[in-house]
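Visitor: Below: one structure in structure tokens.
Values quoted throughout were computed directly from the atomic coordinates according to the rules given, and no laboratory measurement underlies them. Computed from a prediction, not measured in an experiment: that's the story for all the values here. Here Cβ is always computed from backbone atoms with ideal geometry, including for glycine, and neighbour counts include all displayed protein chains.
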Amino acid sequence: FGSGVGEYLYDKQKSLSSYMFQVVIESGKYPEYVSEKFFDCLKTNTVPIYWGGREAIEKMRFDTDGILFFDNMDELGKILNGLSVGKYEECQPHTETNRERLVEVRNEMKREFYFDRVRLSALTTSDDLRFEETYPHLRFE
């Protein structure tokens, strides 16, 4: 993605979809943190080889059998040495389950945002004024 491949790629999926596995290293290992790097793997059916917030992935109910976790460079080396088409095929049903779960998570987030917005719009006019004065960054138009 970007210009690191000799030509500028505008579509991440195009740059990732031809791979079976992808090493994903988050900015930090925080219990409640997962970035788009993990989700990009799920979108393209690549198996994530993941260093990051495992707890968040489990909390969102992703199938951890479709994710190869590592905690240090030795573990990463062992995973990389064991990669094969057979390993990919073993992970594939779980990867497909995770892709479906990603769609569910996205839809849940959209619903929550929508219903939060509906609750805000249900305020009376005087409540709207007070709300907007208190929370100007949350104003919906």
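Visitor: Give the long-range amide H neighbours of Tyr33: residues separated by 5 or more places, or on another chain, with amide H under 5 Å away, using H modelled in the peptide plane at 1.01 Å from N.
Guide: Gly53, Ala56
Visitor: What is the sum of charges around Asp65, taking Lys and Arg as +1, Asp and Glu as -1, for the other residues whose C-beta is under 15 Å from the C-beta of Asp65?
Guide: So the surrounding residues net to -1.
Visitor: Test of understanding: extend the Cα→C-beta vector of Glu112 to 7 Å, then name every residue of the stretch 27-58 with backbone N under 20 Å from that spot.
Guide: 30-40, 42-43, 53-58, by backbone N distance to the label point.
Visitor: Next question, about the same structure. Is the stretch 15-85 rounded, prolate or oblate when judged by the Cα gyration tensor, a ≥ b ≥ c being the square roots of its eigenvalues, rounded requiring a/c under 1.5 and prolate requiring a/b larger than b/c?
Guide: It comes out oblate by the Cα gyration axes.
Visitor: For the pair Val103/Lys87, report the inter-label distance in nm, with labels modelled 7 Å from Cα in the Cβ direction.
Guide: With each label placed 7 Å out from Cα toward Cβ, I get 2.9 nm.
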